[in-house]
Amino acid sequence: MATPPSDMLRAAGLRRIPARIAILSRIEEIARPVSHAELSALPGLTDVDAITLYRTLSALEEAGLVHRVF
């Protein structure tokens, strides 16, 4: 069984806030490269504002939980 997003965040030393858990959950479910715009349009993330999404993606990248694809 996969590691729950809240456990992944804790192991990475990040606070387990609802937006981070929701964003990491959706990224894990999709399991393919996804853009900021695609993420923001997904059910469950439409109420996450753009700045929170950018900051969360940056924090997840710095923690090594996701990586940027160019």
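Overall, the chain carries a charge dipole of about 160 debye about its Cα centre when +1 sits on the Cβ of Lys and Arg and -1 on the Cβ of Asp and Glu, all other atoms neutral.
Relative to the first principal axis of the alpha-carbon coordinates of the chain, what is the inclination of helix 18-30, with its axis defined by its Cα atoms, in degrees from 0 to 90 and to the nearest 10? Value to nearest ten degrees: 80. Ordering Thr56, Val69, Pro33 by the projection of their Cα atoms onto the charge dipole of the chain, which places +1 on the Cβ of Lys and Arg and -1 on the Cβ of Asp and Glu, puts Thr56 at the extreme positive end. Between Ala11, Ala50, Ala31, the GNM of the chain built on Cα springs shorter than 10 angstrom shows Ala31 fluctuating the most. 3J(HN,Hα) along segment 5-15: x, 5, 5, 5, 5, 4, 4, 7, x, 9, 5 Hz, from the Karplus curve 6.51 cos²θ - 1.76 cosθ + 1.60 with θ = phi - 60°, whole Hz, x for Gly and Pro.
The residues of segment 1-60 have, on average, 63 Å² of accessible surface per residue, using a 1.4 Å probe with all protein chains present. Compared with the dominant Cα axis of the chain, that is its longest principal axis, helix 50-62 is turned about 40°. If you sort the three axes of the alpha carbon gyration tensor as a ≥ b ≥ c, you get a/c of 1.5 or more for segment 30-70 and a/b no higher than b/c, which makes it oblate.
The values are calculated or read from the model by the stated rules, or taken from the named source; none is laboratory data. Being a predicted model, the structure only gives us computed values, none of them experimental. Positions of Cβ are generated from backbone atoms using ideal geometry, with glycine treated the same way; all protein chains shown enter the neighbour counts. All accessible areas refer to the heavy atoms of the entire protein, side chains included, with ligands and DNA or RNA removed. Shrake-Rupley method; radii C 1.70, N 1.55, O 1.52, S 1.80 Å.
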